[in-house]
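To keep things clear, I will list the structure first and then write my remarks on it.
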Amino acid sequence: MSSPVSGAKPAVLRCARCGRGVDWEEARFQAVCGCRPHLDLPVVLIRQAGPEDAAVMEAIFRRHYGRAALLAFGEVLSLEECPAIVAEMKGEVAGALAYRLQPRALHVVALATDPLWQRSGVASQLLAEAEVLAARHGLSRLVATTSNDNLPSLYLFQRRGWLIDEVVPGALLPHAAPFGGRGFGGIPVRDEVRLAKQVG
């Protein structure tokens, strides 16, 4: 989602074929059909995060973003100061979504899934719950940001009906430099991509 302030490389992904961890820069997309066999996955339970979840959420976000502070919409945001919801699978936290309530929208600040539970529907369930949260607070719009290289995020959001609302060219260049400016699949990190979804 949002970009790390330091430009730290985001997280390890899990290989869809063998299950091994894959470095972000070495990751590749592959075109596949719907032939994947049906998997019986455990139920995803979504709930508001509590103080007892702080350590595991920090670990998930740090693994994914490299830092606990992110850049979004020109602001530096601390994940520790954001409310969050978590996804539980088999009694353990499988993912988390940090957010903030704005006057006209719910801002999805960060979304991350534990590599063990990637491709299990965790991120989609968290985004669905964010829509419920927005409605509960009388908000009809959700917003989020990501970087131009973050193809997994762009895929996930657009599959769930989000639209690219704005692209800010070059916004991330100063923050990408510390790690060579390369992101997912070696794509240069340059632009902030802003996404939005109307709900309700």
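Given a Förster radius of 22 Å and the C-beta distance between Arg119 and Ala69 as r, what FRET efficiency does 1/(1 + (r/R0)^6) yield to the nearest 0.05? The partial results should precede the final answer.
Details: r = 28 Å, r/R0 = 1.27.
Plugging the Cβ-Cβ distance into 1/(1 + (r/R0)^6) gives 0.20.
Which ordering of Ile60, Ile164 is given by a fewest-first count of other beta-carbon atoms within 10 Å? Kindly include the intermediate steps, with their values, before the conclusion.
Working: Ile60 22, Ile164 13.
The fewest-first ordering by Cβ neighbours comes to Ile164, Ile60.
The alpha-carbon positions of segment 115-164 define a convex hull whose volume is 85 Å³ per residue. Here's how it looks for Gly183: its modeled amide H is under 5 Å from those of Val189, which are all 5 or more places away or on a different chain.
To one decimal place, what orientation-averaged projected area in nm² is obtained for the convex hull of the Cα set of the chain? The partial results should precede the final answer.
Details: hull surface 44.3 nm².
That works out to 11.1 nm².
Available extension along the chain between Leu173 and Arg28 is 50.0 nm, counting 0.36 nm per residue and deducting the alpha carbon span. Can you list the trypsin sites (Lys or Arg not before Pro) in segment 90-154 that are in a DSSP coil and have 11 or fewer other beta carbons within 10 angstrom? Here the sparse-neighbourhood loop sites are Lys90, Arg104.
With 0.36 nm allotted per residue and the present C-alpha distance subtracted, the Ala196-Arg62 stretch has 45.8 nm of extension available.
Mean residue ellipticity, 222 nm, helices only, the chain: the sum of -39500 (n - 2.57) across DSSP H runs of n ≥ 4, divided by residue count and rounded to 500, is -6000 deg cm²/dmol.
Since every read-out is calculated from the coordinates, none of them should be taken as a lab result. As the structure is a computational prediction, the values presented were derived from the model and not from experiment. Backbone-built Cβ (ideal geometry, glycine too); neighbour counts: all protein chains shown.
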